[in-house]
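The values are calculated or read from the model by the stated rules, or taken from the named source; none is laboratory data. Small disclaimer: the values here were computed from a predicted structure and weren't measured. Note that each Cβ is placed from the backbone with ideal geometry, even for glycine, and that neighbours are counted across all protein chains shown.
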Ligand SMILES: Nc1ncnc2c1ncn2[C@@H]1O[C@H](COP(=O)(O)OP(=O)(O)OP(=O)(O)O)[C@@H](O)[C@H]1O
Ligand SMILES: [Mg+2]
């Protein structure tokens, strides 16, 4: 393709946009709306994922031992567990330390009533933090089979609830976005069809003159791609600003939230989001116009 | 001098591609349009063309005349490969239109110039752009477009009005723009379907004279017309059609009265 052809097609593509202004605006608006929602869902999901990951780090398995188990045996198990790939960290807490902790946290000066006894005598334990919470059950059943182990406490409900919620959000937003994308493709193909009918006279003349299929079709495909591009850049700008404003507002308004989680900074996900959105937008524009051009421009 | 040169040239031609000549008979080499036994029936009704045959040589000027509905426009559309015949063969500039591939049609059409009764100009553009459009569409290098367009507009006498909107031109001027557009890509054949149908006698004459001039420069010209006066005074080949058949084909012919 010659460079002049490229500029001609591009110029015609831009002209098409203005020739049927209202349809162009309508398709840009729909794509903008779809991709805006996509951006919002993406941002929310990214944060949710982050929360889940943070929470998973805090989810632990606690192992208690039979009476009479020596500290050496406990430490041996600790060392063995630390070798496993799904285990991130194992903390050992001796019965004495547990009692000290309990005293200082709940009893304060009343603790003296217990004298030298340790009522939490058999409360030596191992706290296991995992890298991958989904492998928690298999780890637990392994530990339960070790003979020095009395009981294993775990917080499975927290973990599974988090990932189920995560999945639900992903599923619902995927459904909505798929619907919106279908609507966008439909609208773009309609816009292009209107453009073709407005210019049918010109297309006929072009064909008489000896225009190739490519020259006749390309401006319309370019038109679709430009619509898709505008319709993806616009919502990204809006999402960026809104996200900034919303996270600033929430963090300053509800400072106590900070102890639970913090919002992801835009730098953590915006680059990816931008890339995906532009690809989707341009893809919608390309396919939407292609469908129509193939159907209506059998030149 | 010139004669000598010509003689030499003729000799050279005779010597070199002898074999080629024999396999390709002289008739077809000179013939730019060959129509053999062509019938065209639209979905509805009786045939618009009924078994016509027509041979046109390179460089000819041919009028096609006949009553309304006799099949003249249908014939032009077949030559453009806008339509395909129901049966029969059409060869134009060596292209067998029954076998031509879809992808080859643009290349074929670039060698045709086409003019219609209703001008078919792009109303949102000026005179220059309407002619340049034809060059852009066939991807002429931009550096050449300006010269070509200016030359064509001078030929049809519209150079001073190159900036005007086509809607601000008279019918005759619009048809001259259309003619410039048809010619700017240097076609081998000019096809005109009632080019003076919407024009007053003065403008009709101007357009016809322009087409004669173009023909004298070597372009084959085929003009469908109802203008009896012009046909009768120009003394060109006249093909007369009636109800889908060619009823008369005369060198230096005339457009007869119906009765
Ligand atoms: N698209 C079409 N569908 C069906 N029939 C058609 C079509 N175009 C033309 N015809 C018929 O074919 C016949 C020849 O039409 P054509 O247009 O070739 O005539 P013409 O000689 O150009 O007439 P005119 O001088 O009025 O332009 C007519 O009977 C016409 O009704
Ligand atoms: Mg006609």
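Taking (1) in contact (Cβ under 8 Å) with a residue 24 or more places away in the chain; (2) more than 9 Å from chain A (Cβ to nearest Cβ) in turn, residue B:146 satisfies each apart from (1).
Look at (1) away from chain A (no Cβ under 14 Å); (2) closer than 14 Å to residue A:208 by Cα and you find that residue B:131 fails only one, number (1).
Quick one: is residue B:185 part of a loop (DSSP other than H, G, I, E, B), away from chain A (no Cβ under 14 Å) and crowded, with 16+ Cβ neighbours inside 10 Å? For residue B:185, the condition - part of a loop (DSSP other than H, G, I, E, B), away from chain A (no Cβ under 14 Å) and crowded, with 16+ Cβ neighbours inside 10 Å - is not met.
Taken together, the residues in the stretch A:16-53 that are within 14 Å of chain B (Cβ to nearest Cβ) and surrounded by 15 or more Cβ atoms within 10 Å (Cβ to Cβ) amount to 3. Taking (1) farther than 30 Å from residue B:168 by Cα; (2) away from ligand 1 (no atom under 16 Å from the Cβ) in turn, residue B:134 satisfies each apart from (1).
For the stretch B:235-259, a tally of residues being within 16 Å of ligand 1 (Cβ to nearest atom) and exposed (fewer than 13 other Cβ atoms within 10 Å of the Cβ) returns 2.
Tally the residues that are over 19 Å from residue A:197 (Cβ atoms) and more than 9 Å from every other protein chain (Cβ to nearest Cβ), restricting the search to the stretch A:4-13.
Step one: filter the stretch A:4-13 for residues over 19 Å from residue A:197 (Cβ atoms), giving A:4-11.
From what's left, more than 9 Å from every other protein chain (Cβ to nearest Cβ): A:6, A:9-11.
Going through the stretch A:4-13 one residue at a time, the tally reaches 4.
Against the condition in a helix (DSSP H, G or I) and either within 14 Å of chain B (Cβ to nearest Cβ) or modelled with pLDDT under 85 (or both), how does residue A:192 come out, does it pass? Yes: the conditions hold for residue A:192.
Among the listed residues B:148, B:96, B:130, B:89, identify the single one that is within 18 Å of the chain's Cα centre (by Cα) and under 25 Å from residue B:220 (Cβ atoms). Testing whether each residue is within 18 Å of the chain's Cα centre (by Cα) and under 25 Å from residue B:220 (Cβ atoms) leaves just B:96.
When residue A:211 is tested against (1) surrounded by 14 or more Cβ atoms within 10 Å (Cβ to Cβ); (2) within 14 Å of chain B (Cβ to nearest Cβ); (3) in a helix (DSSP H, G or I), just one condition goes unmet, and that condition is (3). Cβ separations smaller than 7 Å between residues 6+ apart or across chains give the following pairs from the stretch B:68-81 residues that are in contact (Cβ under 8 Å) with a residue 24 or more places away in the chain and on the phi > 0 side of the Ramachandran plot to residues that are part of a helix (DSSP H, G or I) and more than 6 Å from ligand 1 (Cβ to nearest atom): B:81/B:105; B:81/B:108. When each of B:203, B:215, B:227, B:232 is tested for being more than 14 Å from chain A (Cβ to nearest Cβ) and within 16 Å of ligand 1 (Cβ to nearest atom), the lone residue that passes is B:227.
Criterion applied to B:221, B:149 was being in contact with a strand residue (DSSP E or B) (Cβ under 9 Å, 6 or more places away or on another chain) and more than 16 Å from ligand 2 (Cβ to nearest atom), and the one residue passing it is B:221. Only strands (runs of 3 or more DSSP E) whose full extent lies in the stretch B:44-120 are considered here, and the ones with at least 1 residues that are within 13 Å of ligand 1 (Cβ to nearest atom) and either more than 14 Å from chain A (Cβ to nearest Cβ) or surrounded by 17 or more Cβ atoms within 10 Å (Cβ to Cβ) (or both) are B:49-57, B:61-66, B:112-116.
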